Amino acid sequence: MSKGKLIIYTGCSGVGKGTIMTRLMELDDKIKLSVSCTTRDPRPGEIPDFHYHYIKKDEFEKLIAEDGFLEYAQYCDNYYGTPLAPINSWIEKGCYVFLEIEVQGAMQVMKKRPDALSIFVLPPSLEELEKRLRNRGTEDEETILKRLSCAEEEMSYAKHYQYQVLNDDVERAVKEILDIIRK
Ligand code: 5GP
C-alpha cells in the first residue's frame with residue numbers, strides 16, 4: 001500500500017474550513033482529520049474527542065513538556081496542539097491526514113515535515129468573513145472582533161502555503177482540494 005500524505009490546512013475563523021472538511025471526509029474515506037487538543041471551552045454542539053480533546057491548561061503544559069505535540073500554538077488566549085501519536089500510523093495506512101491548524105503551528109510543521117502539503121483557505125473578502133462569523137452566532141462580540149483582527153494578520157501568511165484555495169463556493173473548493181491531494 002502506498003504511503004499517505006500529511007496536509008497542513010489553514011484558514012481564518014469563519015472561512016468555512018469545517019464545512020469543507022466535513023464534505024471532503026464524506027467523499028473519500030482515506031481523508032482523516034487529526035483531532036487537536038485545546039484549552040478553550042466547547043462550543044454548543046461540539047462533541048468532546050470528536051471536534052477536540054478539551055483539556056485544562058496544566059494538562060496541556062504537561063504534554064508540551066513530554067514532547068507530546070507535533071506542534072502547538074496560542075491563539076486568541078487559548079492553547080491548541082496536534083497530538084503526535086495518531087498521525088504517523090494513519091500515514092503508514094495510506095491516509096490523507098489533515099491538520100486543521102492556525103499559522104504559527106503551520107510554520108512549525110512546514111519546518112519539521114517538509115514532505116507535508118500546505119493549503120490555505122481564503123474568504124472571498126473580509127466583509128464576507130465578518131458576515132459568516134456573525135451568522136454562525138457561536139461567539140460573543142468581543143471574540144468576534146478578536147477573531148477578525150487575527151484573520152487579517154493570518155491572511156498575510158497565505159503566501160507561505162503551497163496552495164491558496166478560495167472558498168467562494170464549497171463544492172468548487174472541495175473539488176480543488178481533492179485535485180491537489182490526489183495529484
Ligand atoms: P477554533 O477555536 O475556531 O476551533 O480554532 C481556532 C484556530 O485554531 C483555528 O484557526 C484552528 O484551525 C486552529 N487550530 C485548531 N487546532 C489546532 C492545533 O492543533 N494547532 C494549531 N496550531 N492550531 C489549531
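Things worth noting here:
- Site pair residue 84 and residue 62 shows an inter-label distance of 1.8 nm when each label is modelled 7 Å from Cα along Cα→Cβ.
- Dividing the summed -39500 (n - 2.57) terms of all DSSP H runs of n ≥ 4 by the residue count of the chain sets its mean residue ellipticity at 222 nm at -12500 deg cm²/dmol.
- For the chain, a simple Cβ point-charge model (Lys and Arg +1, Asp and Glu -1, everything else neutral) yields a dipole of about 680 debye relative to the Cα centre.
- Cα-derived Rg over Rh, computed across region 50-147 with Rh taken as Kirkwood radius: 1.00
- Sequence-distant aspartates and glutamates (8 or more away, or on other chains) whose Cα lies within less than 12 Å of residue 175: 28
- Anchor residue 111: lysines whose Cα lies under 19 Å away (excluding residues fewer than 8 positions away in-chain): 5, 159
- Local electrostatic count at residue 141 - Lys and Arg +1, Asp and Glu -1, tallied over other residues with Cβ under 15 Å: +1
- Put simply, the Cα atoms of the chain extend 48, 42, 30 Å along their principal axes, the longest span coming first.
- The stretch between residue 77 and residue 104, if pulled fully straight at 0.36 nm per residue, gains 8.3 nm over its current Cα-Cα span.
- Relative contact order of region 17-69, defined on C-alpha pairs under 8 angstrom at six or more residues apart (%): 27
A short reminder: the numbers here are calculations on the coordinates, not readings from a lab. Quantities reported herein were computed from a predicted structural model and do not represent experimental measurements. Backbone-built Cβ (ideal geometry, glycine too); neighbour counts: all protein chains shown.
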